[in-house]
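What follows is calculated from the coordinates using simple rules that are stated; it is not laboratory data. Given the structure is predicted, the values throughout are model-derived calculations rather than measurements. Cβ: placed from backbone, ideal geometry, glycine included. Neighbour counts: every protein chain shown.
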Amino acid sequence: MLTMQEILETIKMVQEEHLDIRTITMGISIRDCAHTNPQIATQKIYDKITRLAQRLVPVGEELEREFGIPIVNKRISVSPIALVAEASETDDYYLFAETLEKAAAEVGVNFIGGFSALVHKGLTKGDRNLIDSIPHALAATERVCASVNVATSKAGINMEAVYRMGEIIKETARLTAERDGLGCAKLVVFANVPEDNPFMAGAFHGVGEPDCVINTGVSGPGVVKKAVVKASDCDLGTLAEIIKKTAFKITRMGELIGREAAARLNVPFGIVDVSLAPTPAIGDSVAEILEAMGLERCGAHGSTAALALLNDAVKKGGLMASSYVGGLSGAFIPVSEDGGMIRAVEAGALSLEKLEAMTCVCSVGLDMIAVPGDTPAETIAAIIADEAAIGVINHKTTAVRIIPAPGKKVGDYVEFGGLLGHAPVMPTSTFSSAHFVRRGGRIPAPLHSLKN
Amino acid sequence: MSTSNKPRKNRVIVSVLGQDRVGIIAAVAQILSTHNINILDISQTIMQDLFTMILIADMEMSDIDLATLKDLLQKKGEELGLKIDVQHEDVFRFMHRI
């Protein structure tokens, strides 16, 4: 029998500590929708998405009511559009983005991911077309998210794609200039991208996945922070143990909701993404966990070590709680979406360089970072190359979601609203990386042995 | 606690948080009995000056579903100036038991 303490603990986690299921994401394969005629292909895509995801939102709301756990987002990911659109006789893939937008609106989801291409070793015609279509697609739609994988540990780093993505990010910012470059918040450049990630903007339905699948992403930085605060002056080994136990409880909720959602929608359950995903809400911050661990401000020396402990403990606790853990699984450190990160940047405690170091030991990478609007494409490409190198050498996922905010300078703010939050514009190095980036080619895959 | 062998499919947990006053249990029990929902266990305590009641109930024979019960209890909660919620028991079992 459950004890009153246990019941109250769960209720408190939801009501006071922002425990929620961040997303239920339905992955849908649209590989069977390819057609030489783009009109037919997009009609097939629209029909398949709206058929399979028709009940996604109602089922999510039903679970929310029955279990009393908020499910913040219901979303959809589809096969990388480059793979499907390539068969069509057109160079402009905007039509595909428009179709995704319409299908997402029809079933009532707020984001749909998969306007994507995997180009870590090279680009096909379809990949080029997709990448070229990204700025228009992101500017003219609300819900569509794009991602491009430019590197893997097995293939190395495709520097031609990295440079191109630097230009694409600049162009996307330009086309959405009146909204501070919002388009860039829906575009992620990856190294070692996972194929079952339920979190936006980087979600797509991987090629090894079944026809349709349900993945969930949990959250709960507030719950972990509360546990760390409560632990007061214990040593770091004990603290890791406490975080593990807390992560276990958080992940169990993802497992429960994922299994139930999959059963009710009659599709297989994929994975739980064991992540700490912050929001701009007060008390829902990863930075504040690091500060509760004893750092005056996130970004102070020791932040990388504290984050490493946190990330590892979250994974260890989460693994035991779920039959299938996947996706990104780790702590996210976006700037604009985390109130504590924003304060740390404002206080001058957290720089781009420190964030880069922190991405070596946590999930994802440089996320939701605003830089001056006049940052050259080559510098953005070089930032992507640095992150990709960290991922490729360390056999982990890394990513860059960066916003060169048009017309903004260091110290200005960008404002996206909602879960995307707001961010202070951060300085980048003013020294040029152009000659390096323009060399192109591919940085070879690293050694998989002799690791030191 | 002799109820642990019964099927658990329809067990729910009602939680009441707020200022203590006369008739809280009666009000909740009234709603449950009207809809043929069996109370299995009640515990209550005062936590940081806040009245807290946890009630475990079985909806096996109930004539309403969980969503409807939730609406009824929340409405009653607003009348009494309390926060009353009901959740499926699985949420708690899943979090605290393997």
Open item on the list: With the cut-off at 27 Å, tell me which of the pairs A:Lys102/A:Lys249; A:Lys186/A:Lys244; A:Lys230/A:Lys451; A:Lys315/A:Lys408; A:Lys74/A:Lys125; A:Lys12/B:Lys76 have Cα atoms farther apart than that.
Closed with: A:Lys102/A:Lys249; A:Lys186/A:Lys244; A:Lys230/A:Lys451; A:Lys315/A:Lys408; A:Lys74/A:Lys125
Open item on the list: I need the semi-axes of the equivalent ellipsoid of the range A:408-452: take the C-alpha gyration tensor, multiply each eigenvalue by 5, square-root it, list largest first in whole angstrom.
Closed with: 35, 19, 11
- [ ] Could you grab the relative contact order for the range A:101-219? Cα pairs under 8 Å, six or more apart, rounded to a whole percent.
- [x] 27 percent
TODO: Using only the Cα atoms, work out Rg/Rh for the range A:104-168, with Rh taken as the Kirkwood radius, to two decimals.
DONE: 1.04
TODO: List the pair-distance distribution P(r) of the range A:1-53, using every Cα-Cα distance, as the percent of pairs falling in each 10 Å bin from 0 up to the bin containing the longest distance, rounded to whole percents.
DONE: 20, 25, 15, 15, 17, 8, 1
Open item on the list: Please list, by residue number, every one of the trypsin sites (Lys or Arg not before Pro) in the range A:1-106 that is coil in DSSP and has at most 16 other beta-carbon atoms within 10 Å.
Closed with: A:Arg55
Task: Summed side-chain charge close to A:Pro278 - residues other than A:Pro278 whose Cβ falls under 9 Å, Lys, Arg +1, Asp, Glu -1 - done: -4
TODO: Quick one: compute the contact order of the range A:23-191, relative version, from alpha carbon pairs under 8 angstrom and 6+ residues apart, as a percent.
DONE: 21 percent
Open item on the list: I need the chymotrypsin sites (Phe, Trp or Tyr not before Pro) found in the range A:362-452, filtered to DSSP loop residues with at most 10 other beta carbons within 10 Å of theirs.
Closed with: A:Phe431
Task: Value of D in µm² per second that Stokes-Einstein yields for the range A:1-94, Kirkwood Rh from Cα pairs, at 25 °C (0.890 mPa s) - done: 153 µm²/s
Task: Proportion of all alpha-carbon pairs of the range B:11-96 beyond 20 Å (%) - done: 29 percent
Open item on the list: Explain nothing, just the number: dipole magnitude of the range A:218-443 about its Cα centre with +1 on each Lys and Arg Cβ and -1 on each Asp and Glu Cβ, in debye rounded to the nearest 20.
Closed with: 580 debye
Open item on the list: Around A:Glu9, under 12 Å between beta carbons, what's the net of Lys plus Arg minus Asp minus Glu among the other residues?
Closed with: +2
- [ ] Can you run the Rg to Rh ratio on the range A:23-191? Use alpha carbon positions and the Kirkwood inverse-distance Rh.
- [x] 0.99
TODO: Identify, among A:Ala434, A:Ile342, A:Ala277, the residue whose Cα sits farthest towards the positive end of the charge dipole of the protein assembly as shown, taking +1 on the Cβ of Lys and Arg and -1 on the Cβ of Asp and Glu, with the dipole about the Cα centre.
DONE: A:Ala434
Task: Distance (nanometres) between label positions extended 7 Å along Cα→Cβ at A:Gln39 and B:Lys9 - done: 5.1 nm
Task: Farthest toward positive dipole pole in chain A [+1 Lys/Arg, -1 Asp/Glu at C-beta], among A:Ser147, A:Ala227, A:Gly299 - done: A:Ser147
Task: Descending Cα extents along the principal axes, the range A:235-364, whole Å - done: 50, 31, 25
Open item on the list: Averaged across B:50-57, how many Cβ atoms of other chains sit within 10 Å of each residue's Cβ atom?
Closed with: 2
Open item on the list: Can you tell me the mean projection area, over all orientations, of the convex hull of the range A:276-352's alpha carbons? Units nm², please.
Closed with: 5.3 nm²
- [ ] Consider just the alpha-carbon atoms of the range A:97-233 and return their Rg together with their Dmax, both in angstrom.
- [x] 17.1, 58
Open item on the list: Given N residues in the range A:374-452, what is its alpha carbon radius of gyration divided by 2.2 N^0.38 Å?
Closed with: 1.37
Task: Farthest toward positive dipole pole in the protein assembly as shown [+1 Lys/Arg, -1 Asp/Glu at C-beta], among A:Thr176, A:Ala399, A:Asn192 - done: A:Asn192
Task: For the range A:170-318, alpha-carbon Rg over 2.2 N^0.38 Å - done: 1.22
Open item on the list: Beyond 22 Å, how much of the Cα-Cα pair distribution for the range A:218-443 remains, as a whole percent?
Closed with: 54 percent
Task: Cα-based equivalent ellipsoid of the protein assembly as shown: semi-axis lengths in Å, sorted from largest, via gyration tensor - done: 43, 28, 20
TODO: On a C-alpha basis, how far is the centre of the range B:68-94 from the centre of the range A:131-193 in Å? Whole number, if you could?
DONE: 45 Å
Task: Distance between the range A:30-84 and the range A:341-401 - C-alpha centres, whole angstrom - done: 31 Å
TODO: Taking the Cα centre of the range B:11-96 as origin, work out the dipole magnitude from +1 charges on Lys and Arg Cβ and -1 charges on Asp and Glu Cβ, in debye rounded to 20.
DONE: 160 debye
TODO: Could I have the simple spin-label model distance between A:Asp32 and A:Ser449, label points 7 Å from Cα toward Cβ, reported in nm to one decimal?
DONE: 4.4 nm
- [ ] Report the local net charge at A:Leu366: Lys and Arg +1, Asp and Glu -1, summed over other residues whose C-beta lies under 15 Å from its C-beta.
- [x] -4
Open item on the list: If the only charges are +1 at each Lys and Arg Cβ and -1 at each Asp and Glu Cβ, what is the size of the charge dipole of the protein assembly as shown around the Cα centre, to the nearest 20 debye?
Closed with: 960 debye
TODO: Give the order of B:His35, A:His301 when sorted by the count of other beta carbons within 10 angstrom, beginning with the fewest.
DONE: A:His301, B:His35
